[in-house]
Every structure is written in structure tokens, then in C-alpha cells.
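Below is one structure, written out as C-alpha cells; comments come after it.
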Amino acid sequence: MKFTKFAGAVALGATLVMPAFAQDTKVIGVSIPAATHGWAGGMNFHAQEAVKRLEEVYPELDFVLATASDAAKQVNDIEDMVATRNIDALVVLPFESEPLTSPVKAVADGGAWVTVVDRGLSIEGIEDLYVAGDNAGFGKVSGEFMVSAMPEGGKIVAFRGIPTSIDNERVAGFEAAIEGSGIEIIGMEHGNWNRDDSFVVMQDFLSKHAQIDAVWASDDDMAIGILAAIEAAGRDDIQFVLGGAGMKEMIARTRDGDTMIPANVTYPPSMIATAIELTAVGLTSTAPVSGTFVIGSVLVTSDNAAEFYYADSPF
């Protein structure tokens, strides 16, 4: 996995806020959404694997992992971690930004280290460490592949995720990358990172447009729904579908030379493991880990797909 740290994001000269003492047992709480879709399933897998491994590496640390199917449950989980386990650090991937901001701030105000993952809080500066994928880079890498795969240009449809700042960054990066290339976006709709919603949206696109050269799915769950709609309609004009996030089913198809899935763009759910590990380092050493850690998006093709295939992952 390739990781990109933005220059200046990690303050190399900073003094660690929370010095560790080997004789003390410190508790790291990990609060994440439940496996409600493919990417979240992969994120849960990597969180569990990281906790299992780090418990062996750091005998002076205890971990408590909780998953939530909605924001209210996640708030309760975090409050319970504070009340019953007196956590020294919290690693949190917010189910939603707004309802999690106040309870996470309360954890930080209580003196615990806070690491926020992927979805930022609605108030900046609460967390000590922010770990996320490069959403603008995700869109840029996707657009650059589209341009290379369609040198003569063409007509495409594009799928957005759930209306969020993350989605806006991806789309802006994509549009900037294809500007002036001759690629025309003839339709763009929200598929909500959901295969069923994307199936319906793609059916609508297919009924409206007699010619579609390619699809930017921007997500593998959405790509599966799109491919099903194309197959059901019997359309053969669409050259390929470009998803993203590295679902193992899609990575395997790219690895095996499926012309409909010639590439993928990483947005690794394993970023949760990076966040947990950096937090553990912060609690057990004097290594500075505060700041922002951004994991770069990588183009996956048949040449390197084997490197990104995780057989044991549910995603």
C-alpha cells in the first residue's frame, strides 16, 4: 500500500502530547460504523485485524472496539467507553459529522487523544490526528485514466456518491482532470454509494442516451449495480466502467483482464488500521504523530492488481 504524507502535516519537531509509561496500561477506544456496505465491511475487517495484531505488539495497551449502525448508537458507544473504560485515546470514523462532533469534543476536552478518520467533524481542530484518503486525488487519478483510455474523447455518464464534502472533492478532481480532453459528461447523478440505487440510475441513463462510451462509477458498489443494468439492457456500446475503492471482486476482474473493468482507483478501507497504529505509536513512544496523514489514491491496472487483492477481506 502506498501512503502519501502531505508536507508539514506531521510536525516532526513537536513534543508528544501524551507521554507513555511502560508500567501503565492505556486504553484505546475504536468507534466505527457497522458493515452496512462493502467499503464499511472492509474497514471493519481491517480494524479487527489491526486490534488483534497490536494487542500482541503492545502488551501495555488495551483496545475496545465498538461498531454502530447509526449515529445515535455511535454516540452512546463513545460515552460508554469514557464512563466504563476511561479511555486514553479515541479513534473514530464518524457515522455522520454533525452528531458526532459534540461527543468527540467532550472526549478531547477530557484530556484523551483523539484520532478522526475519513469523515471530518463539523468543527475543525478538535482532533489531534486526522487520517483520510485523498479524495481530490481519487477524482484526479480517475479522470487521468479516463483521458488515457479515451484519447479521442467520447460521451460518458458519471455517478456521485452521497452528497458530502468528500463527494464534492472527488467530482471536482475528476472534472479538472478531463477538462479539454474531448470527454463529455452527458449525465451525472447520485448513486449514493449503493448498488441498487445505481442500478436504477443507470437504467435511466440507458433509456435517455442511445450512445454512452464509458461510465465513471467512482465506487465499486455502484459499479456492480451499473454493470447489472448494462447487462440487463443488452447494451454493447459501453467500453468500460471505472469504479474505485478496491473491492476484491473488482480487483480480481482487473487482474484477470476483464475489458469492462480495466482499472480501479484505491481508497483503502485499511486506512482505519493506519489510524489505530499511529495512535498506538503515540501512546507508547515519543514519536510525534499529531497532524494530518493523507493516504494517496493509486491507479490499479492488470499490471499491479495482484498487489491490491486481499483474499481474506470481505471487501
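With charges only on Cβ, +1 for K and R and -1 for D and E, what is the dipole size of the chain about its Cα centre, in debye, rounded to 20?
Charge dipole, the chain, about its Cα centre: 280 debye, nearest 20.
Please give the calculated 222 nm ellipticity per residue for the chain, where each DSSP H segment of at least 4 residues contributes -39500 (n - 2.57) and the sum is spread over every residue; nearest 500 deg cm²/dmol?
-12500 deg cm²/dmol
Report the charge-dipole magnitude of the range 135-265 in Debye, nearest 20, computed about the Cα centre from +1 at each Lys and Arg Cβ and -1 at each Asp and Glu Cβ.
Computed about the Cα centre, the dipole is about 120 debye.
Largest first, how would Trp193, Trp113 line up by accessible area (1.4 Å probe)?
Result of the area sort, largest leading: Trp193, Trp113.
Just going by the charge dipole of the chain, with Lys and Arg at +1 and Asp and Glu at -1 on Cβ, which of Ala306, Val157, Ser69 is farthest out on the positive end?
Of the candidates, Ala306 comes out farthest on the positive side.
Just the number, please: Stokes-Einstein D of the range 48-171 in µm²/s, Kirkwood Rh from C-alpha pairs, 10 °C, 1.306 mPa s.
94
Keeping every protein chain in place, order Ile185, Ile261 by accessible area at 1.4 Å, biggest value first, i.e. largest first.
Ile185, Ile261
Could you work out how much longer the chain between Ala72 and Ile185 gets when fully extended? Use 0.36 nm per residue separation minus the Cα distance between them, nm to one decimal.
Net length gain for the segment: 36.8 nm.
Find the relative contact order for the chain and round it to a whole percent, using C-alpha pairs within less than 8 Å whose residues are 6+ positions apart.
24
How large is ³J(HN,Hα) for each residue in the range 280-286, as worked out from phi by the Karplus curve 6.51 cos²θ - 1.76 cosθ + 1.60 (θ = phi - 60°), to whole Hz, x for Gly and Pro?
Values, residue by residue: 4, 4, x, 7, 10, 8, 9 Hz.
Of Gly243, Phe174, Ala132, which is farthest towards the positive pole of the chain's charge dipole, taken about the Cα centre with +1 and -1 on the beta-carbons of Lys, Arg and Asp, Glu respectively?
Final value for the positive-end residue is Ala132.
What ³J(HN,Hα) values, in whole Hz, does the Karplus curve 6.51 cos²θ - 1.76 cosθ + 1.60 give for the range 85-98 when θ = phi - 60°, with x put for Gly and Pro?
After applying 6.51 cos²θ - 1.76 cosθ + 1.60, I find 10, 6, 4, 8, 8, 10, 9, 9, 9, x, 4, 9, 5, 4 Hz.
With label points built 7 Å along Cα→Cβ from the Cα atoms of Ala149 and Ser285, find their separation and express it in nm.
The two pseudo-label positions are separated by 3.9 nm.
Determine the percent antiparallel among the DSSP beta bridges restricted to the chain, to the nearest 5.
If we restrict to bridges inside the chain, about 10 percent are antiparallel.
Sticking to Cα atoms, compute the Rg of the range 68-107 to one decimal and its Dmax as the biggest Cα-Cα distance, whole number, in Å.
Values for the range 68-107 (Cα only, Rg and Dmax): 9.3, 25 Å.
Quick check: with the 1.4 Å probe, what order do Phe45, Phe205 take by accessible area, largest first?
Phe45, Phe205
Where does the chain land on the Kirkwood hydrodynamic radius, alpha-carbon pairs, in angstrom?
20.4
Over 21 Å between Cα atoms: which of Lys26/Lys73; Lys155/Lys208; Lys73/Lys105 fall into that group?
Where the Cα-Cα span goes over 21 Å, the pairs concerned are Lys26/Lys73.
Which three numbers, in whole Å and largest first, are the semi-axes of the equivalent ellipsoid of the range 135-265 derived from its Cα gyration tensor as √(5λ)?
Taking √(5λ) for each Cα gyration eigenvalue gives 18, 16, 16 Å.
At R0 = 35 Å, how high is the FRET efficiency between Asp256 and Glu79 if r is their beta carbon distance? Nearest 0.05 is fine.
0.15
Counting only residues 5 or more places away or on other chains, whose amide H sits under 5 Å from the amide H of Ile183 once H atoms are built in the peptide plane?
Amide H to amide H, under 5 Å and 5 or more residues apart or across chains, Ile183 pairs with Gly154.
Per residue of the range 202-216, what does 6.51 cos²θ - 1.76 cosθ + 1.60 with θ = phi - 60° give for ³J(HN,Hα)? Whole Hz please, x for Gly and Pro, Karplus curve as stated.
Those phi angles translate into 5, 4, 5, 4, 5, 6, 8, 10, 6, 9, 10, 7, 6, 10, 9 Hz.
For the chain, the longest stretch holding no GluC sites (Glu not before Pro) located in a DSSP loop with at most 12 other Cβ atoms within 10 Å is which?
180-315
Using amide H atoms built 1.01 Å from N in the peptide plane, name the residues 5+ places from Tyr267, or on other chains, whose amide H lies under 5 Å from its own.
The answer is Ala245, Gly246.
The values are calculated or read from the model by the stated rules, or taken from the named source; none is laboratory data. This structure is a prediction, so every number in the text was calculated from the model and none was measured. As a convention, Cβ positions derive from the backbone with ideal geometry for all residues, glycine included, and neighbour counts pool all protein chains shown. Ligands, DNA and RNA are stripped out before the accessible areas are found, and what is left, the full protein with its side chains, is counted by its heavy atoms. Shrake-Rupley method; radii C 1.70, N 1.55, O 1.52, S 1.80 Å.
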